[in-house]
Amino acid sequence: MFKQRTIKKSASVTGIGLHTGSEVKLTFNPENGNGGIRFIRKDSPGSIEIPADIDYVVDTTRGTNLEKDGIRVHTVEHVLAAVAGLGIDNLIIELDGPEPPICDGSAAPFVNVLLEAGIIEQNKPKVYLELDKPVLYSEKEDGLLKELVAMPADDFHLTYMVDYQKSNLSSQYTVVYSLEDEFATEIAPARTWTFLSDIKTLRERGLIKGGSLESAIVIADLDLSDGELDELKDLFGVEDRIELGENGIVGTQPLRFDNEPCRHKALDLIGDLALLGAPLKAQIFGARSSHSANIELVRRIRNVCVKKQSEEVPSSEKVLDIEDILELLPHRYPFLLIDRVIDMEPGKRVVALKNVTFNEPFFSGHFPGHPVMPGVLIIEAMAQAGGLLLLNTIDNPQSKMAYFMGIDQARFRKLVKPGDQIRLELEMLRMRMQACKMEGRAYVDDELVAEAGLMAMITDREISK
Ligand SMILES: [Zn+2]
């Protein structure tokens, strides 16, 4: 995940908002610039736009709510978890009501439409937030400690644990090692949940108007009489009698994961961390945190984190310019056949450019009136790019030289003419001791013009003066 991401085309989800109970349509729209994640309330005067940013958080009662100019978007965490979990950096989230639809209480419906819309990489490096020291937050509520810790790390990892000391919810634990590999399948489908004892209170506070047994797991932490069960039946608006299922789960829907409640808490935290406005490189440990604790952690991280651009530079920018190349390669005019290196992963691959101009000395003899770049010189340009890759893979490159020992399977596919820009792409297949095998391809306007296998070797450079 090195380049910023958005989606290819718009995609929508419709449904009921959990707390407000109103029907709403949410539409994800591509954001091809660098504007981050923004909500737009289409139904508000002037279509108020609210950035998904910690600065706009106004309330964290059973959900994370954003507000700007008096206009709110309620319960943003599941949508934001889907967006952040898929590594999307720029996106417009349009709503025609005050709250995203709750759907099945998980982030899966959002993930599914985003994946269907197609996630695309933009030509901009990702900007990460990094920590140089641990960030901690804890608070005590009802005698239970809620704890959050963010430690400096080279990527995002999350370890989460719940333990409410209630008989029908066991102590649970989950780990997300890689959002890219695990979020969509392991975390996004985990549904929101609540204790039965909380439902009445929430209703009394005017919340969860749109809640139902289809949109949440309800965990029975009470021994209920038949009369109370009937009362709940009315509250949920269900026709059938409410049954207490196995594991203390109300209703008959099976759990999607044994530790689904814990996974959902991890999902909520991923959604709240998205309010940092950029992906975070940190190892997070969380226990029993609520949205208010999550938001406090996000505030603390925001105060100490440092923005860093990803190491991969977009293709429009250079990694090595001609000065850098002259320092590394012994070749000089007219035999230096690389102008720029635009991408370099030491030990893996290099992408270099050669602008072929009419003034190249070889055109005068190859052939007069019909200038064509000699194929062997394309291979030589490839070898020079490969030499740069090799030298960037070893220590003290200035005191070494890369010699080519063999060319294999060279093929010339198309003619290269004055005005063409050759893009040379080399991959390192093997590197043993000082010897290495590479595979090279040359393109003009994305069309393959030549390819070859190259063998090279590193030796000490003899400095003669
Ligand atoms: Zn949630």
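Rule-based calculations on the coordinates, nothing more; no lab input. None of the values given here were measured: they were computed from a predicted structure. For neighbour counting, all protein chains shown are included, and Cβ atoms are generated from backbone atoms with ideal geometry for every residue, glycine included.
Which value in nm describes the separation of the simple spin-label points at Gln434 and Leu448, placed 7 Å from the Cα toward the beta carbon?
So the label points at Gln434 and Leu448 sit 3.3 nm apart.
Suppose the chain between Leu145 and Met457 were pulled fully straight at 0.36 nm per residue; how much longer would it get relative to their current alpha carbon spacing? Walk me through the numbers on the way to the answer.
Values: separation 312, 0.36 × 312 = 112.32 nm, distance 6.01 nm.
Stretched fully, the Leu145-Met457 segment lengthens by 106.3 nm.
Based on the Cβ-Cβ distance of Glu67 and Tyr173, what FRET efficiency does E = 1/(1 + (r/R0)^6) give at R0 = 35 Å, to the nearest 0.05?
For R0 = 35 Å, the calculated efficiency reads 0.50.
What pairs from Lys354/Lys437; Lys307/Lys400; Lys124/Lys348 go past 24 Å between their alpha carbons?
With Cα atoms farther than 24 Å apart: Lys307/Lys400.
Within the stretch 247-289, find all residues whose amide N lies under 13 Å from a label point positioned 7 Å from the Cα of Val306 along Cα-to-beta-carbon.
Taking a point 7 Å out along Cα→Cβ of Val306, no residue of the stretch 247-289 has its backbone N under 13 Å.
Any idea which of Leu353, Leu390, Val449 is furthest toward the positive side of the dipole for the stretch 322-460, if Lys and Arg beta-carbons carry +1 and Asp and Glu beta-carbons -1?
About the Cα centre, the residue reaching furthest to the positive side is Val449.
Once the cut-off is 13 Å, how many percent of the Cα-Cα pairs in the stretch 25-78 end up in the long-distance tail?
Counting every Cα pair in the stretch 25-78, those more than 13 Å apart make up 60 percent.
I want to check the label-to-label distance for Ser47 and Leu415. Put each point 7 Å from Cα in the C-beta direction and report it in nm to one decimal.
Roughly 5.2 nm, to one decimal.
Report the calculated FRET efficiency for Lys133 and Glu204 (r = Cβ-Cβ distance, R0 = 30 Å), to the nearest 0.05.
0.10
When averaged across all projection directions, what area in nm² does the alpha-carbon convex hull of the stretch 1-96 cover?
Details: hull surface 25.5 nm².
That works out to 6.4 nm², a quarter of the Cα hull's surface.
So how strong a dipole does the stretch 1-132 carry about its Cα centre when Lys and Arg Cβ are +1 and Asp and Glu Cβ are -1, to the nearest 20 debye?
Working: 13 positive and 19 negative charges, 83 e Å.
In total the dipole reaches around 400 debye.
Starting from the Cα of Lys166, draw a straight line to each of the lysines and keep only those under 26 Å, dropping any in the same chain fewer than 8 residues away.
Lys140, Lys146, Lys200, Lys209, Lys233, Lys265
With the dipole of the chain worked out from charges on the C-beta (+1 for Lys and Arg, -1 for Asp and Glu) around the Cα centre, which of Cys305, Gln409, Val57 lies farthest toward the positive end?
The listed residue farthest towards the positive side: Gln409.
Could you calculate the contour length gain from Ser10 to His331, that is, 0.36 nm times the residue separation minus the distance between their Cα atoms, to one decimal place in nm?
That works out to 110.5 nm of additional length.
I'd like the distance separating the alpha-carbon centroids of the stretch 325-399 and the stretch 1-68, in whole Å.
So the separation of the two Cα centres works out to 48 Å.
Out of Pro279, Cys103, Thr174, whose Cα points farthest toward the positive end of the dipole of the chain (charges: +1 Lys, Arg; -1 Asp, Glu; placed on Cβ)?
Value computed over the given set: Pro279.
To the nearest 20 debye, what charge dipole does the chain have about its Cα centre, counting +1 at the Cβ of each Lys and Arg and -1 at the Cβ of each Asp and Glu? Could the numbers behind the result be given before it?
Numbers: 52 positive and 73 negative charges, 355 e Å.
Roughly 1700 debye for the chain.
Quick check on the chain: what does the Kirkwood estimate of hydrodynamic radius come out to from the alpha carbon pairs, in Å?
25.7
Computed FRET efficiency, Cβ-Cβ of Phe362 and Asn396, R0 35 Å: what is it to the nearest 0.05?
0.55
Over the stretch 34-103, what is the relative contact order in percent, taking alpha-carbon pairs closer than 8 angstrom and at least six residues apart?
The normalised contact order for the stretch 34-103 reaches 38 percent.
If you find the alpha carbon centre of the stretch 133-156 and of the stretch 407-436, how far apart are they in angstrom?
If you average the Cα positions of each part, the centres end up 50 Å apart.
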